[in-house]
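Novice: Here it is, the structure, as structure tokens.
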Amino acid sequence: MTTAIRIDGKARAAELSAHISADTARLVQQHGITPGLAVLIVGEDPASQVYVRNKKRTAEACGFYSVQHTLAADTSEAEVIKLIASLNADDSVHGILVQLPLPPQLDEKRITQSVVPQKDVDGFHYVNIGKLTAGDTDDAFVPCTPAGCMLMIEEQLGKDLSGKRAVVVGRSNIVGKPMASLLLAANATVTIAHSRTRDLPALTREADILVAAVGRAHMVQGDWIKPGAVVIDVGINRVEASEAGDTVSRLTGDVDFAAAMQHAAAVTPVPGGVGPMTIAMLMANTLRAAQLTRQRMK
Ligand code: GUN
């Protein structure tokens, strides 16, 4: 039996970062603008701390100015919004990212909407969501995870997805909904499935493009996958596994990768698929935000 292509997100992200570094060096040299990324983290969620550290490391590797604000878990909403206002006004900062999830006393909506749209490199502001939903994908800051997924899909199937059926499992504002908008803008026929969908396997079996973003380890089995499909696994689930008699903790996706490789044409692994691409797209958005400030000054 032939097996599928393992889409190497880590290698693709490294290529993208190399391009971003080169473009950054040009922007610094020719225009004296260093892209600046500010990351805010509130509290001590261990997974968030790992993500934020990776974002900072990649930003520095790309030649960006990178600043991290770590706030105590009991910080008030007014304080967070005041800090965001100061970053909105800071010309050395082109991109602002507030790491989610936030502690319960903070209203996620009010906080994400307080970042000005032109620094909203996460694509969470309603102005950017509106542009994306209206099909104005070139003008919007697109959320990083679906943007990275879309690049990998295009590399397998081309930019025009006319006639293709896409199924997105998961309806979150960060992944599922923007993913569906991007696929629709590329002419795919899109279905969004979620926890209330009836007979999910029957639906996913019709998908030429299957994006799994639910957060349930190995939910998507081999026989849920249409032969020849492109499968993008957004899940990052921590599971306990036993290795040589020891219990170890490992990251795994929403898709049973080994089984998917026997059915699909191409599959993203976890780790090493969507995750590194997400960070690369954050760098791409930040560079673009910096480049756009120059155009506004002209
Ligand atoms: N937490 C999990 N994913 C994301 C993301 O894409 N952006 C932010 N800001 N927080 C997240």
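Novice: Over the Cα atoms of region 103-147, compute the convex hull volume and normalise it per residue, giving Å³. Please list the in-between numbers first.
Specialist: Details: hull volume 3.4 nm³, N = 45.
It comes to 76 Å³ per residue, whole-number rounded.
Novice: Determine the relative contact order of the chain: mean sequence separation of Cα pairs under 8 Å and six or more apart, normalised by residue count, in whole percent. Let's see the in-between values first.
Specialist: Values: 601 pairs, mean separation 64.4, N = 298.
Contact order relative to length: 22 percent.
Novice: Ok, one more. Using a 10 angstrom cutoff on alpha carbons, build the Gaussian network for the chain and name the most mobile of Val211, Val80, Val267.
Specialist: So, out of Val211, Val80, Val267, the one fluctuating most is Val80.
Novice: With a sphere of radius 11 Å drawn around the Cβ of Val167, what net charge do the other residues whose Cβ falls strictly inside it have (Lys, Arg +1; Asp, Glu -1)? Intermediate values should be presented prior to the final figure.
Specialist: Values: positive: Lys164, Arg165, Arg205, Lys226; negative: Glu206, Asp208.
Net local charge, Val167 excluded: +2.
Novice: Determine the share of the chain's accessible area contributed by carbon and sulfur atoms, expressed in whole percent, with a 1.4 angstrom probe. Can you show the working numbers first?
Specialist: Details: 7360 of 14190 Å².
Here it works out to 52 percent.
Novice: Using a/c under 1.5 as the rounded threshold, could you call region 12-79 rounded, prolate or oblate? The axes a ≥ b ≥ c are square roots of the C-alpha gyration tensor eigenvalues, and prolate needs a/b larger than b/c, oblate otherwise. Walk me through the numbers on the way to the answer.
Specialist: Numbers: a/c = 4.50, a/b = 1.84, b/c = 2.45.
Verdict is oblate for region 12-79.
Novice: Mind giving me the nanometre distance, one decimal, between the label points for Ala11 and Ser92, set 7 Å out from Cα along Cα→Cβ?
Specialist: Label-label distance for Ala11 and Ser92, simple model: 3.9 nm.
Novice: Stretch Glu60-Arg216 to full length: gain in nm at 0.36 nm per residue minus the Cα-Cα span?
Specialist: Values: separation 156, 0.36 × 156 = 56.16 nm, distance 3.28 nm.
Contour length minus Cα-Cα distance gives 52.9 nm.
Novice: Per residue, how much accessible surface does the chain expose to a 1.4 Å probe? Answer in Å², no decimals. Mind dumping the intermediate values first?
Specialist: Working: 14190 Å² over 298 residues.
The answer is 48 Å² per residue.
Novice: Under 1.5 on a/c is rounded, so check that first for region 1-119, then, if it is not, pick prolate when a/b is larger than b/c and oblate when it is not; a ≥ b ≥ c are the square roots of the alpha carbon gyration tensor eigenvalues.
Specialist: Working: a/c = 2.48, a/b = 1.28, b/c = 1.94.
Oblate, because a/c is 1.5 or more while a/b does not exceed b/c.
Novice: If we restrict to alpha carbons, what Rg and Dmax does the chain come to, in Å?
Specialist: 19.5, 64
Novice: With no solvent and one point per C-alpha, what does the Debye sum give as log10 I(q)/I(0) for region 216-271 at q = 0.13, 0.14, 0.17, 0.29 Å⁻¹?
Specialist: Here log10 of I(q) over I(0) equals -0.33, -0.38, -0.53, -1.08.
Novice: In units of 2.2 N^0.38 Å, what is the alpha-carbon radius of gyration of region 140-207?
Specialist: Numbers: Rg = 11.7 Å, N = 68, 2.2 N^0.38 = 10.9 Å.
Taking the Cα Rg and dividing by 2.2 N^0.38 Å, one obtains 1.07.
Novice: If Rh is defined by the Kirkwood formula over all Cα pairs and Rg also comes from Cα, what ratio Rg/Rh do you get for region 248-298? Mind showing how you got there, number by number?
Specialist: Details: Rg = 17.7 Å, Rh = 13.8 Å.
Using Cα coordinates only, the ratio equals 1.28.
Novice: Would you calculate a helix-derived [θ] at 222 nm for the chain, using -39,500 (n - 2.57) for each DSSP H run of n ≥ 4 and dividing by the full residue count, to the nearest 500? Before the final figure, lay out each step's value.
Specialist: Working: 10 runs with 122 residues, N = 298.
Rounded to the nearest 500, the figure is -13000 deg cm²/dmol.
Novice: Could you work out the pair-distance distribution P(r) of region 172-298 from its alpha-carbon pairs, with 10 angstrom bin width and percents rounded to whole numbers?
Specialist: Per 10 Å bin, starting at 0, the Cα pair percentages come out as 12, 35, 31, 14, 7, 1, 0.
Novice: Output the Cα-based Rg and Dmax of region 68-183 in Å, rounding Rg to one decimal and Dmax to a whole number.
Specialist: 16.1, 50
Novice: Turning to a different aspect of this structure: Can you give me the distance in nm between label points at Gln156 and Lys82, each placed 7 Å from the Cα along the Cα-to-Cβ direction?
Specialist: In this crude spin-label approximation the distance works out to 4.9 nm.
Novice: Quick check on region 113-253: take the gyration tensor over C-alpha atoms, sort the square-rooted eigenvalues as a ≥ b ≥ c, and tell me if it's rounded (a/c under 1.5), prolate or oblate.
Specialist: Values: a/c = 2.10, a/b = 1.34, b/c = 1.57.
Taking the square roots of the gyration eigenvalues as a ≥ b ≥ c, region 113-253 is oblate.
Novice: Something else about it: Using packing as a proxy for protection, rank 122-132, 253-263 so that the peptide with the highest average count of other Cβ atoms within 10 Å comes first. Intermediate results must be reported in sequence, preceding the final value.
Specialist: Values: 122-132: 20.2, 253-263: 22.2.
Ranked from most to least packed, the peptides come out as 253-263, 122-132.
Novice: For the Cα atoms of the chain, what angle does the longest principal axis make with the long axis of helix 144-157, in degrees from 0 to 90, nearest 10?
Specialist: Roughly 50 degrees, rounded to the nearest 10.
Novice: Right, something else. Take region 72-122, drop everything but the C-alpha atoms, weight them equally and run the Debye formula without solvent; then report log10 I(q)/I(0) at 0.23, 0.25, 0.29 Å⁻¹ to two decimals.
Specialist: Taken in order of the listed q values, log10 I(q)/I(0) reads -0.85, -0.98, -1.23.
Novice: Taking the mean number of other Cβ atoms within 10 Å as a proxy for protection, how do you rank 92-104, 60-72 from highest to lowest?
Specialist: Working: 92-104: 19.8, 60-72: 17.2.
Descending mean neighbour count gives 92-104, 60-72.
Novice: Using the C-alpha atoms of region 46-104, what convex hull volume per residue, in cubic angstrom, is computed?
Specialist: On the way: hull volume 4.6 nm³, N = 59.
Each residue corresponds to 78 Å³ of Cα convex hull volume.
Novice: A follow-up question, please. Skipping prolines and chain starts, which residues have an amide H placed within reach, meaning under 5 Å, of the one on Gln113, given they are 5 or more residues away or on another chain?
Specialist: Placed amide hydrogens put nothing under 5 Å from Gln113.
The values are calculated or read from the model by the stated rules, or taken from the named source; none is laboratory data. Small disclaimer: the values here were computed from a predicted structure and weren't measured. Ideal geometry is used to build each Cβ from the backbone, glycine not excepted, and the neighbour counts take in all protein chains shown. Remember, those area values only see protein heavy atoms, side chains included, never the ligands or the DNA or RNA. Shrake-Rupley method; radii C 1.70, N 1.55, O 1.52, S 1.80 Å.
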